[in-house]
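Below you'll find the structure, written out as C-alpha cells, and then a few comments.
We did not get these values from a lab; they are worked out from the coordinates using the rules stated. Remember, predicted model here, so these are calculated numbers, not experimental data. Here the Cβ positions follow ideal geometry from the backbone for every residue, glycine too, while neighbour counts run over all protein chains shown.
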Amino acid sequence: MEIDAKSLQQKLASATPPMVLDVRNPPEVQADGAIEGSVLIPMDQLPGRLAEVPPGREVVAVCKRGMRSYNVANWLRAQGRNAVSLQGGLDQWKSLGLPLKR
C-alpha cells in the first residue's frame, strides 16, 4: 500500500494527520532534510522501537526513494499497524517542491 506525495500533503493538513515515520539514517536526513513533524526511527532500529509507533494512528513510512519504506510499511502491517509507504519516497516529495525542514 502506497500514498502519493500530494495525498500525504493533504492528509497532513487534516484534523487527524498520519504519523510520518522517516526510516532513513541520520546522515541522509541531514543531507536532504525531512518532512515537517516526521519521526526519525531508522529502519534497523524499528523492531526495538515499535512501541513508539501508535497502534491506532495511520502511519506513512518515508525513505529516500520508497523501497525501504515500502518494506517497513509491510512489516508494520504484519505487526497490526495501519501503515502505508510514501510512493517515490522523499525524492518524489522534493520533486514536487513540497516543504522540507532542515
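What the Kirkwood sum gives for the chain is a hydrodynamic radius of 13.2 Å, with every pair of different alpha carbons counted. Packing order of peptides 14-21, 51-58, highest average first: 14-21, 51-58 (average count of other Cβ atoms within 10 Å over each peptide's residues).
Considering only alpha-carbon pairs that sit under 8 angstrom and 6 or more positions apart, the relative contact order computed for the chain is 34 percent. As an equivalent ellipsoid, segment 53-102 spans semi-axes of 22, 12, 7 angstrom, where each value is the square root of five times an eigenvalue of the C-alpha gyration tensor, largest first. Placing +1 on each Lys and Arg Cβ and -1 on each Asp and Glu Cβ, with no other charges, gives the chain a dipole about its Cα centre of roughly 40 debye. Taking segment 54-79 and a reference point 7 angstrom along Cα→Cβ of residue 95, the backbone N atoms nearer than 14 Å belong to 64-67. Under a Cβ-Cβ cut-off of 11 Å, what is the net charge of the residues other than residue 58 that fall near it, where Lys and Arg count +1 and Asp and Glu count -1? Summing Lys and Arg as +1 and Asp and Glu as -1 gives +3.
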